[in-house]
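The values are calculated or read from the model by the stated rules, or taken from the named source; none is laboratory data. Just so you know, these numbers come straight off a predicted model, no measurement behind them. A quick note on method: Cβ atoms are made from the backbone with ideal geometry, for glycine too, and the neighbour counts reach across all protein chains shown.
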Amino acid sequence: MTGSRSPELCLGGCDAGLRMSSCIVVTALCFVAMLGDHPAAGDEPPPCDDIICPPPLPPPGAPPDPGGAFPKVVQHLESIGSGTPGGTLYLASDVSPTPHHWIWQIEPMCDLQGGDCMPGEYCAGADQGVYMDINVKPLAQPGDPDPVAPPTAPGRGLPFDTPLPGTPVGTAYGGWLPAGEGCVDVSQLDVPPTPEEVYEQFVVQPIPGLAFSVQPPDLGLVNLPEIYYTTEPTTGTDTVDIRGYTVVLSTAIAQFRWYTGDPQKPMLVSDGPGLPYPNQYVTHTYLSRGDYLAVLETIWQATYTVDGGPSYAVPGTVTTTGPARTINVVEAQPVLTDPYD
Amino acid sequence: MGHAVGRLLAAALVLAGVSVASGCSEDRVRPSDTLPPQRSTSAGPTPTEDPPGATGYPLPEAARAYTPEGARAFFDYFIAVLNASHLASDPVPLREITQGCEFCDELTQRFQEAADGGRRVVGGDLVLTAVGAATMRSLESGAAGASMSFRLIQRASQVLDTAGSLISDTPELSADGTIELAWLVDQRDWLVSLFSLDAQ
């Protein structure tokens with residue numbers, strides 16, 4: 001990991017103030033922290049004012065990294081084609097090539113919260129490709145210049161800096177050097193699905209838009225609160241296969257957005273599905289006659305498990321829209337009646 | 001589409017150079033424990049141009065040569081300036097001798113935040129424990145420079161708040177790293193273009 005990007009080097013981990021390019025950030029654990037339990041302000045680790053900082057301790061009870069300990073070091077990275085539209089597609093593997101000159105470090109770099117990129121945005125056409133930051137580190141080779149033992153053979157192909165004296169052949173040396181970004185196929189690595197891969201599956205699930213009911217039904221009265229609610233299922237479960245891993249997605253609605261069709265107050269927001277009279281809590285009072293086109297938009301979030309393991313938050317949401325319905329709001333005319341009639 | 005490949009190639013080109021087998025002795029890899037004396041501001045003729053190096057930290061003449069030894073001398077100078085910037089929570093000296101160095105930029109930001117927060121660092125200076133031979137790029141390449149791999153330790157440190165209370169306590173840490181220097185032909189000076197640490 002490069003000094004500028006390593007969590008071990010005190011980059012604030014999930015500090016939202018860091019630029020994406022600065023923060024390699026975005027370890028899979030980081031996604032969980034961003035979307036899951038936010039530590040209270042008093043629980044924030046002290047700022048690191050050193051040049052090298054100790055690795056941050058995971059919060060108590062935190063599950064292990066869901067992404068398979070990214071950043072991950074792999075033995076081989078090979079260009080196998082083009083990702084769409086983000087650049088080259090690489091295949092990562094732990095098979096040591098011959099000759100073996102470098103090792104590679106890869107880490108997903110989509111910062112969903114920061115909006116730098118979305119999973120699938122750059123690697124949409126690349127099967128199982130995940131947009132990654134790529135670093136490289138040279139391995140000491142036979143004949144590398146050595147102040148103690150002068151070289152007796154030409155150096156290897158790419159003239160990286162020379163290893164420290166006494167570095168055994170085949171040993172990595174120096175810091176991680178930036179080698180670019182690209183879509184990386186990790187199917188040959190024994191790593192569980194990354195949160196980004198799970199998100200890519202989440203967005204293609206058939207998550208329904210919800211119908212809703214109003215009271216009075218489809219006929220409103222000026223100055224009389226109209227009640228909105230839905231009785232549709234607001235949770236769901238889907239099972240998908242990602243590179244042979246069984247991933248169970250548990251979806252739930254994080255937010256309900258009720259579009260009233262009334263320019264005076266176009267949207268109501270609630271955490272719950274609403275309830276009918278007399279327990280209503282989502283209402284809107286129309287002040288003018290007319291036909292109003294109302295619709296319910298739902299923001300879905302999800303958690304997932306891999307092969308029955310711990311549960312993690314999926315880094316991202318899905319928005320669905322249900323069928324619209326017209327509410328005919330009429331004005332009641334006062335009529336005098338005989339109370340003794 | 002091809003920018004990743006381009007950056008890979010660029011990374012290779014940036015690192016490209018001629019391997020040099022120099023006769024480093026143990027003395028050469030031992031870091032200096034002190035900074036050069038600060039420049040006097042009250043004596044001597046008025047300079048006609050800014051002196052090389054960071055303000056207040058004169059660049060040793062040995063570091064003004066485009067040779068492996070010159071690159072190595074500048075590396076020692078950089079570590080000394082970095083330590084001074086760190087301990088003083090003053091980003092300016094470090095900023096003056098770096099360019100395009102992402103990690104250096106983050107360090108300057110970190111030092112500035114420490115200063116703004118009134119925090120004080122005690123200890124935590126870097127000490128080089130091993131440095132590989134400098135790999136030099138060709139002067140004719142248009143991107144003259146050098147790179148070195150190294151190993152260092154960061155001595156144990158404490159961070160104190162404005163009242164002197166302990167905020168954090170960091171033990172001694174070690175790291176492997178790589179530094180890349182860009183050579184300024186006209187000024188006979190170097191700038192740090194990459195400083196990468198991999199904590200062990």
Reported set for the stretch B:55-80 where residues are closer than 19 Å to B:Thr129 by Cβ and aliphatic (A, V, I, L, M) is B:Ala71, B:Ala73, B:Ile79, B:Ala80
The lone condition A:Pro46 fails out of (1) at pLDDT below 75; (2) buried (at least 16 other Cβ atoms within 10 Å of the Cβ) is (2)
*Taking B:Ala143, is it modelled with pLDDT under 90, buried (at least 20 other Cβ atoms within 10 Å of the Cβ) and either outside any helix (DSSP H, G or I) or facing another protein chain (nearest Cβ under 10 Å) (or both)?*
no
Note on the stretch A:282-302: residues surrounded by 14 or more Cβ atoms within 10 Å (Cβ to Cβ) and hydroxyl-bearing (Ser, Thr, Tyr) are A:Thr283, A:Thr285, A:Tyr286, A:Tyr292, A:Thr298
Residues of the stretch A:90-122 being at pLDDT 85 or above and assigned to a strand (DSSP E or B), in sequence order, are A:Tyr90, A:Leu91, A:Ala92, A:Ser93, A:Trp102, A:Ile103, A:Trp104, A:Gln105, A:Ile106, A:Glu107
If you go through the stretch A:247-259 one residue at a time, do you hit one that is assigned to a loop (DSSP other than H, G, I, E, B) and either surrounded by 13 or more Cβ atoms within 10 Å (Cβ to Cβ) or not charged (D, E, K, R) (or both)? no
Expected single match for hydroxyl-bearing (Ser, Thr, Tyr), exposed (fewer than 13 other Cβ atoms within 10 Å of the Cβ), out of contact with any Phe, Trp or Tyr (no Cβ under 6 Å at 6 or more places or on another chain) and assigned to a strand (DSSP E or B) among A:Thr337, A:Thr305, A:Thr326, A:Thr320 is A:Thr326
B:Glu106 fails exactly one of (1) more than 7 Å from every other protein chain (Cβ to nearest Cβ); (2) over 15 Å from B:Leu191 (Cβ atoms); (3) outside any loop (DSSP other than H, G, I, E, B), namely (1)
Filtering the stretch B:124-138 down to residues that are within 15 Å of B:Arg151 (Cβ to Cβ), in a strand (DSSP E or B) and either at the interface with chain A (Cβ under 10 Å from one of its Cβ atoms) or touching a Gly at 6+ places or on another chain (Cβ under 8 Å) (or both) yields B:Leu126, B:Thr129, B:Ala130, B:Val131
Going through the stretch B:59-111 in order, the residues found to be under 10 Å from the mean Cα position of the chain (by Cα) and among the small types (Gly, Ala, Ser) are B:Ala80
Determine if the stretch A:299-306 includes at least one residue that is aromatic (Phe, Trp, Tyr) and either touching a His at 6+ places or on another chain (Cβ under 7 Å) or modelled with pLDDT under 90 (or both). no
When the stretch B:153-187 is checked residue by residue, the ones that are touching a helix residue (DSSP H, G or I) at 6+ places or on another chain (Cβ under 9 Å) and outside any strand (DSSP E or B) are B:Val185
Taking the stretch A:207-241 and keeping only residues that are part of a loop (DSSP other than H, G, I, E, B) and within 32 Å of the chain's Cα centre (by Cα), one is left with A:Ile207, A:Pro208, A:Gly209, A:Leu210, A:Ala211, A:Phe212, A:Thr230, A:Thr231, A:Glu232, A:Pro233, A:Thr234
